[in-house]
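Presented below is the structure to which this report refers.
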Amino acid sequence: SPPRPSDLPHEVEKAGQLNKTKIAEGGRKLRKSWGVSWVVLAGNSLVFYKDLKGPAPASWRPASSRPESSVDLRGAVLERARDMSSKKNVIHLRTVTGNEFLLQSDSEAEIQDWHQTIKGVIRRLDRE
Ligand code: I3S
């Protein structure tokens, strides 16, 4: 369910467009369905918005757009996905609740940056 306003994160570390598919829900495997999402890394969460038709927003949060979903990164595991897709530049995220996502970019540099930045948040939360 979408986060309540009080849950909305404050410090945006990174935002951008990525291809996304959820591949498991509560440990139960799902059929892949790739789609384009606007992804925001802020606070302890990765927040997904519907892709915007047209140019990227000036601010991180698409005006008049509610998040589709968000992921709590505490205890999550992130790794490069080597054999989980025929696509290049894919990362695999698994939450403590057993939800799993693949995120993909056509740009290797972009996916590396997402990988490092999300990893940084997970490490920070591990130390708390
Ligand atoms: O891992 P899979 O099952 O080979 O993933 C592919 C399929 O989900 C496919 O959908 P259908 O099985 O409904 O045709 C998708 O269109 C592909 O994109 C999936 O593979 P990639 O390699 O793109 O993650």
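The values are calculated or read from the model by the stated rules, or taken from the named source; none is laboratory data. Quick caveat: nothing in here was measured; it's all calculated off a predicted structure. Here the Cβ is made from the backbone with ideal geometry for all residues, glycine too, and neighbour counts use every protein chain on show. Ligands, DNA and RNA are excluded from the accessible area calculation, which covers all protein heavy atoms including side chains. Shrake-Rupley method; radii C 1.70, N 1.55, O 1.52, S 1.80 Å.
Residues in region 19-33 that are within 15 Å of the chain's Cα centre (by Cα) and among the basic types (Lys, Arg): LYS20, LYS22. The set of residues from region 86-96 being surrounded by 14 or more Cβ atoms within 10 Å (Cβ to Cβ) and either within 16 Å of the ligand (Cβ to nearest atom) or more than 18 Å from VAL40 (Cβ to Cβ) (or both) comprises LYS87, ASN89, VAL90, ILE91, HIS92, LEU93, ARG94. Filtered by the rule that a residue be among the polar types (S, T, N, Q), out of contact with any Lys or Arg (no Cβ under 7 Å at 6 or more places or on another chain) and within 13 Å of the ligand (Cβ to nearest atom), region 14-38 gives ASN19, SER33. Flag set for ILE91, criterion: part of a strand (DSSP E or B) and closer than 26 Å to LYS29 by Cβ.
Would it be correct to say that ASP83 is over 18 Å from ILE118 (Cα atoms), modelled with pLDDT of 65 or more and open to solvent by 60 Å² or more (accessible area, probe 1.4 Å)?
Working: over 18 Å from ILE118 (Cα atoms): yes; modelled with pLDDT of 65 or more: yes; open to solvent by 60 Å² or more (accessible area, probe 1.4 Å): yes.
Considered against the rule, which asks whether it is over 18 Å from ILE118 (Cα atoms), modelled with pLDDT of 65 or more and open to solvent by 60 Å² or more (accessible area, probe 1.4 Å), ASP83 comes out as yes.
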